[in-house]
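Bear in mind these aren't lab numbers, they're just calculated from the coordinates by the rules spelled out. The structure displayed is predicted, hence computed values, not measured ones. With ideal geometry, Cβ positions are generated from the backbone for all residues, glycine too; neighbour counts draw on all protein chains shown.
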Amino acid sequence: MEKLYNQIYFSSDHRSSQEEIMDDFNFQGAEMEALLSDLERVNKWLGGNKITLNGIAILLRDVPKNAPITIVDLGCGDGELLRQCAHYGSKFGYDFKLIGIDANEHILSTARKRSIEYQNITYQKLDVTSSKASWPTMDIVLCTLFLHHFSTEGISSLLENLSAKAKVGIVINDLERSKLAFRLFQLFSRLFLKTNTARFDGLVSIARGFKQKELTRLSENIKGTSSFIKWRWAFRYQWILKKE
């Protein structure tokens, strides 16, 4: 694995095209379970999911509380974000229908087990890059640490598609491509992460992350939406696309 670390390419000027281990749809087993727990731990400690929940709150400002809201989480992993959404909806009196989408059936199986007590959460296997993808009806789409897995051209195409389907808007929460973030994660991961996969994929994720000007350029091609981009701790961008 040390050899793999040395092969990770980082550039401030360009997004990396290197693939993450987790991009393999057949990734499974004990390493997968441990990786999901590592990711949950990172988001809890660094407050990553709060950025998404805040984005949902912003989009819901003009939505009546008595209206049912369908929220779809792309690349849902083990469903931790959806479980937090369920608690948020219950706390503030919203009628949420929550759908997790992932292309890895092994991950979805874990998500279903971890969400068994949540009646308003369901999961669906879907490859979002497929032209034949059967999308559920949705009001709000969540892309948390999801878009960086795709090429810039792929992101543009996906967001144009999603903006046409989402009735209220899209909340994007993804990584800043920062040399400082890259170095800090190297230290953090060695101290606090248990799996080599999480350490490797975390560094690749940062190398595949974004500069704000890149997100702004992408937003210019998405019609019928208002775009709001803010830098958030820890080295994240909150990008909200609200339907006009």
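Which entries in the list LYS125/LYS230; LYS97/LYS230; LYS65/LYS97; LYS179/LYS211; LYS125/LYS242; LYS165/LYS243 go over 19 Å, if you measure between the two C-alpha atoms of each?
The pairs that break the limit, which is 19 Å between Cα atoms, are LYS125/LYS230; LYS97/LYS230; LYS125/LYS242.
Once you have a ≥ b ≥ c as the square roots of the Cα gyration tensor eigenvalues for the stretch 75-143, tell me rounded if a/c is under 1.5, and otherwise prolate or oblate according to whether a/b is larger than b/c. Each step should come with its number before you reach the end.
Details: a/c = 2.42, a/b = 1.40, b/c = 1.73.
It comes out oblate by the Cα gyration axes.
For the stretch 47-180, rounded, prolate or oblate, judged on the Cα gyration tensor with a ≥ b ≥ c (square roots of eigenvalues), a/c < 1.5 rounded, else prolate if a/b > b/c? Show your work: numbers first, answer last.
Numbers: a/c = 1.33, a/b = 1.21, b/c = 1.10.
Verdict is rounded for the stretch 47-180.
On full extension of the chain, what length is gained from SER157 through ARG183, given 0.36 nm per residue of separation minus the C-alpha to C-alpha distance? Provide the component values of the computation, followed by the final result.
Working: separation 26, 0.36 × 26 = 9.36 nm, distance 3.16 nm.
Computed gain between SER157 and ARG183 is 6.2 nm.
Please state the shape class of the stretch 158-214: rounded when a/c is under 1.5, otherwise prolate if a/b exceeds b/c and oblate if not, all from the C-alpha gyration tensor. Kindly include the intermediate steps, with their values, before the conclusion.
On the way: a/c = 3.38, a/b = 2.14, b/c = 1.58.
Taking the square roots of the gyration eigenvalues as a ≥ b ≥ c, the stretch 158-214 is prolate.
Taking the stretch 127-244 on its own, what percent of its Cα-Cα pair distances exceed 17 Å? Don't skip to the end; give the middle numbers.
Values: 3974 of 6903 pairs.
Here the long-distance tail beyond 17 Å is 58 percent of all Cα pairs in the stretch 127-244.
Grab the DSSP H runs of the chain that are 4 residues or longer, score each as -39,500 (n - 2.57), total them, divide by all residues and round the 222 nm result to the nearest 500 deg cm²/dmol.
-13500 deg cm²/dmol
What is the packing order of peptides 48-59, 117-128, taking the mean over residues of other C-beta atoms within 10 Å and listing the highest first?
48-59, 117-128
Compute from the Cα atoms of the stretch 62-109 the Rg and the Dmax, the latter being the longest Cα-Cα distance, and quote both in angstrom.
Reported Rg and Dmax, both Å: 12.0, 37.
Over the chain, what is the mean sequence separation of C-alpha contacts under 8 Å (at least six apart), divided by residue count, expressed as relative contact order in percent?
Relative contact order for the chain comes out at 24 percent.
In 5 Å bins starting at 0, how do the alpha-carbon pair distances of the chain split up by percent?
Going out from 0 Å in 5 Å bins, the chain shows 1, 6, 14, 19, 21, 18, 13, 6, 2, 0, 0 percent.
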